[in-house]
1. Return the FRET efficiency for the residue pair Gln78, Asp20: r is the Cβ-Cβ distance, R0 is 22 Å, and the value is rounded to the nearest 0.05.
2. Roughly how many Å² of Leu79 are accessible to a 1.4 Å probe, to the nearest 10?
3. Suppose a student asked you for the relative contact order of the stretch 89-152, using Cα pairs under 8 Å spaced at least 6 residues apart; what percent would you report?
4. Report in % the part of the accessible area of the chain that belongs to carbon and sulfur, leaving out ligands and nucleic acids; probe 1.4 Å.
5. If you line up the long axis of helix 19-28 against the longest principal axis of the chain, both from Cα atoms, how many degrees apart are they, to the nearest 10?
6. Over 20 Å between Cα atoms: which of Lys95/Lys124; Lys42/Lys164; Lys21/Lys124; Lys42/Lys77; Lys124/Lys164 fall into that group?
7. Given Cα pairs under 8 Å that are at least 6 residues apart, what percent is the relative contact order of the chain?
8. Determine the order of Trp177, Trp41 by accessible area, beginning with the largest, at a probe radius of 1.4 Å.
Amino acid sequence: MESYRTTLMGMPLDAVLDSDKAVSELARGGVLLSYLNPFAWKVRAQDDDYPGNLGAMDMVVCDGIGSQRAAKRILGKQLPIVSLDDSGIAPRYLKGFQDRGSRICLVGGQEGQLELVSHRLKEKYPGLNLLSSFSGYGSGPDTAREFILEAQPEVVLAGMGMGKQEAFLVSLRKGGWNETGI
């Protein structure tokens, strides 16, 4: 993967990744992708492990105008904004996962929210192979980790909040799971 890992005010950032490159890397598989937006510095102030876990991601994209402007001012580079949500690259990578028949686990949110998200994803991407979903609270992450390490799905979509989702994905990688996590 062509990249340029740099730091922006002490936080890792891949300075050459645009939406097309990010989607291409996700299609290859075996990558952990996260994002950097202005909230990351608040998380860093509360979680000493966060910068290291973020640095363990294979790709860290610039998400949001605040991070983009900071990068321009501090690094002197105009970085592309790569939003991972439905207004950004999510439709492209979800369609790719659907087309490849990738087995997907969702981790994050509360039980009622997960059912709604699962339903909406299945409506929008009818062939999407949602293997299982787990709450991001209580024993949900521990149960999810055990399931994922056993079932070895090709994709984990973690929506647990900044800091927690990166720590979760890193724990999966340390446990022997080498697939794609977002």
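The values are calculated or read from the model by the stated rules, or taken from the named source; none is laboratory data. Bear in mind that the values here come from a model prediction, so they are computed numbers and not experimental data. No Cβ is skipped: glycine too gets one built from the backbone with ideal geometry, and neighbour counts run over all protein chains shown. For the accessible areas, the whole protein counts, side chains as well, though only heavy atoms, and no ligand, DNA or RNA atoms are used. Shrake-Rupley method; radii C 1.70, N 1.55, O 1.52, S 1.80 Å.
1. 0.85
2. 10 Å²
3. Reported as a whole number, the value is 38 percent.
4. Within the chain, the accessible surface is 49 percent carbon and sulfur.
5. So the inclination is approximately 40 degrees.
6. Lys21/Lys124; Lys42/Lys77; Lys124/Lys164
7. The normalised contact order for the chain reaches 24 percent.
8. Trp41, Trp177
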